[in-house]
Amino acid sequence: MPAADDTLDLVFGALADPTRRAILARIAGREATVNQLVDGFDLAQPTISKHLKVLERAGLISRGREAQFRPVRLDAKALAGVDAWLGDYRRFWEESFERLDDYVKQLKDMDLTDE
């Protein structure tokens, strides 16, 4: 199992491509076969397969086996690490906005007392 930083690198690398993000959006609601994904994109099957390998390596999808089909499913567990990483920055921005709100209130109070 890769280290947390390595996993984040893989996930962000996978998400950096708009086609891979579109694939994830497509399978977020339901699984799809490679051929179904090919039909939804203007790309050849080998290209879609390469994108799927990147997503699978990042832990963002899993592949099942049903008869001759190998449906692709979203596996959102890898996104939990991204959410945790982003959480630190989310707290930073929330605190910054709170300080900005306080500052704006102080300015308004000063403006009211000057009248």
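What single numbered condition from (1) free of Cβ contacts under 8 Å to residues at least 24 places away in the same chain; (2) in contact with a His (Cβ under 9 Å, 6 or more places away or on another chain) fails to hold for Asp39? Here Asp39 clears every test but (2). Tell me whether the range 68-89 contains one or more residues that are farther than 23 Å from Asp6 by Cβ, surrounded by fewer than 11 Cβ atoms within 10 Å (Cβ to Cβ) and at pLDDT 85 or above. For the range 68-89, residues farther than 23 Å from Asp6 by Cβ, surrounded by fewer than 11 Cβ atoms within 10 Å (Cβ to Cβ) and at pLDDT 85 or above: absent.
Among the residues of the range 51-67, those that are within 20 Å of Asp6 (Cα to Cα) and charged (D, E, K, R) comprise Lys53, Glu56, Arg57. Here Phe69, Phe41 are screened, and the one residue that is within 17 Å of Pro18 (Cα to Cα) and aromatic (Phe, Trp, Tyr) is Phe41.
Residues that are of a type in the set (A, V, I, L, M, F, W, C) and touching a strand residue (DSSP E or B) at 6+ places or on another chain (Cβ under 9 Å) were ranked within the range 26-58; the one that is surrounded by the fewest Cβ atoms within 10 Å (Cβ to Cβ) is Ala28.
The values are calculated or read from the model by the stated rules, or taken from the named source; none is laboratory data. Quantities reported herein were computed from a predicted structural model and do not represent experimental measurements. Cβ coordinates were reconstructed from backbone atoms using ideal geometry, including for glycine residues, and neighbour counts include every protein chain displayed.
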